[in-house]
1. Checking Glu197 against (1) assigned to a loop (DSSP other than H, G, I, E, B); (2) open to solvent by 60 Å² or more (accessible area, probe 1.4 Å), which single condition isn't satisfied?
2. I'd like the full set of residues that are over 13 Å from the mean Cα position of the chain (by Cα) and without any contact (Cβ under 8 Å) to a residue 24 or more places away in the chain, limited to region 147-174.
3. Does Asp276 count as open to solvent by 10 Å² or more (accessible area, probe 1.4 Å), under 22 Å from Arg209 (Cβ atoms) and more than 28 Å from the chain's Cα centre (by Cα)?
4. Going through region 329-356 one residue at a time, which ones are of a type in the set (D, E, K, R), modelled with pLDDT under 95 and part of a loop (DSSP other than H, G, I, E, B)?
5. Here are the criteria: (1) modelled with pLDDT of 95 or more; (2) touching a Phe, Trp or Tyr at 6+ places or on another chain (Cβ under 6 Å); (3) within 30 Å of Ser44 (Cβ to Cβ); (4) of a type in the set (A, V, I, L, M, F, W, C). Tell me which single one Val187 does not satisfy.
6. Quick check on this structure: which one of Leu326, Leu262, Leu283 is open to solvent by less than 60 Å² (accessible area, probe 1.4 Å), part of a helix (DSSP H, G or I), hydrophobic (A, V, I, L, M, F, W, C) and at pLDDT below 90?
7. Consider Phe218 carefully, then state whether it is more than 25 Å from the chain's Cα centre (by Cα) and aromatic (Phe, Trp, Tyr).
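The values are calculated or read from the model by the stated rules, or taken from the named source; none is laboratory data. Quick caveat, the model's predicted, so the values are computed rather than measured. Here Cβ is always computed from backbone atoms with ideal geometry, including for glycine, and neighbour counts include all displayed protein chains. What goes into the accessible areas is simple: the full protein's heavy atoms, side chains included, and nothing from ligands, DNA or RNA. Shrake-Rupley method; radii C 1.70, N 1.55, O 1.52, S 1.80 Å.
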Amino acid sequence: MDSVNMYIYIPVTMKMKRILRRLFMPVTIKDVAALAGVSPSTVSRTCKDHPSISRQTKEKVRQAMAKLGYEPNFQASSLATQNSRTVGIILPPSEWEAYQNPFYLEMIRGISQYCNQKQYINTVITGQNEDEILQAIKTMARTGLAEGFIVLYSREQDPVLDYLYEEGLLYVLIGKACRNVNQTIYVDNDNVLAGREAAEYLLNLGHVRIACLSGDHFLLYNHDRKMGYMLALAERGIPFDGQLCGEVPAGPEEQDQALEALFAREDRPTAVLVSDDILAVALEKTCIGLGLSIPGDVSILSFNNSLLSRLTFPPLTSVDVNACQLGIEAAAQMISHVENPELVATKIIVPHHLVERESCAGTGRLCGDWDTETI
């Protein structure tokens, strides 16, 4: 006898839908925030009965929690109900680079200056990978040791930012927000404009074959500066050559090989736009090793205008992105949102400017025309 499949149709009411949703799709802090009309960080602070949240807002959030059946995690210690007046500063995951990059040090200096004025303290968080950073953040959040976090970098895919957002933790991003843009407080430069102006500067010197080199392409400022470079070329009717653009490896040996390969070409570039001063210093070293004159054979323009740009020979023309000011603005936003949780997510653009030095020259200048006495 053949088996018979039987299906029973049971009408699902709205109440049953809510029950099923709670069973199979747990309510998140974002769901509560959306229903209450507040930010996820406000919900998080309400769960901890933080004194900075008004009584009316707490009541509105608690009503939304009750309606959705949200059960907060009360593992936080009693420290979580107090204002720790501490800001966590998150460096990018790195074994060594982040610790040696003057760009990050300048931002930390700006953050520290502003925090000192407002009687807040800060602590630096980093690790060799995202897992180490996440573990440190979770510990600080669980024990209430930080009011919020300032993230010194912006990537396309970042589990650290995802965790901060999903948990409703207060954070300020230095760099452009890639996701959750309307809910993210961020401080940035107009890096598309900066890349465009830097390329235009080299084009105005008569350069046509301009290379564009950067480090980690997942960092959004590298992508935006490249876009600005491409816009400048397009406006002059110069075809984009993908072989002149590339991501340079972080390792010294791989880095040297990539840079040497660029200048081994018969149609080598006469100018290079470099994403930061550290990479520009490596490029200068490679050029010297190949017997190329700077700027007689190749002009170099970099970003960040750090101490390195002034100590090289010749000194580097560099775009100053005002790293210290980025830190100051980030700290100001952080403390404003700590003390006024109902503020909307703010976006701040810090201006940049080009600092001209001796690493760039027009294409009409021959190698022999370079006069070292002008340095």
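1. (1)
2. Asp162
3. Values: open to solvent by 10 Å² or more (accessible area, probe 1.4 Å): yes; under 22 Å from Arg209 (Cβ atoms): yes; more than 28 Å from the chain's Cα centre (by Cα): no.
Judged against the criteria, Asp276 is not a match.
4. Answer for region 329-356, where residues must be of a type in the set (D, E, K, R), modelled with pLDDT under 95 and part of a loop (DSSP other than H, G, I, E, B): just Glu342.
5. (2)
6. Values: Leu326 fails: at pLDDT below 90; Leu283 fails: at pLDDT below 90.
Only one candidate passes the filter, namely Leu262.
7. Working: more than 25 Å from the chain's Cα centre (by Cα): no; aromatic (Phe, Trp, Tyr): yes.
No: the conditions fail for Phe218.
Here is a yes/no grid of residues against (1) among the small types (Gly, Ala, Ser); (2) open to solvent by 50 Å² or more (accessible area, probe 1.4 Å); (3) modelled with pLDDT under 85:
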| residue | (1), (2), (3) |
| --- | --- |
| Ala64 | yes, no, yes |
| Ser84 | yes, no, yes |
| Leu91 | no, no, no |
| Glu106 | no, yes, no |
| Met140 | no, no, no |
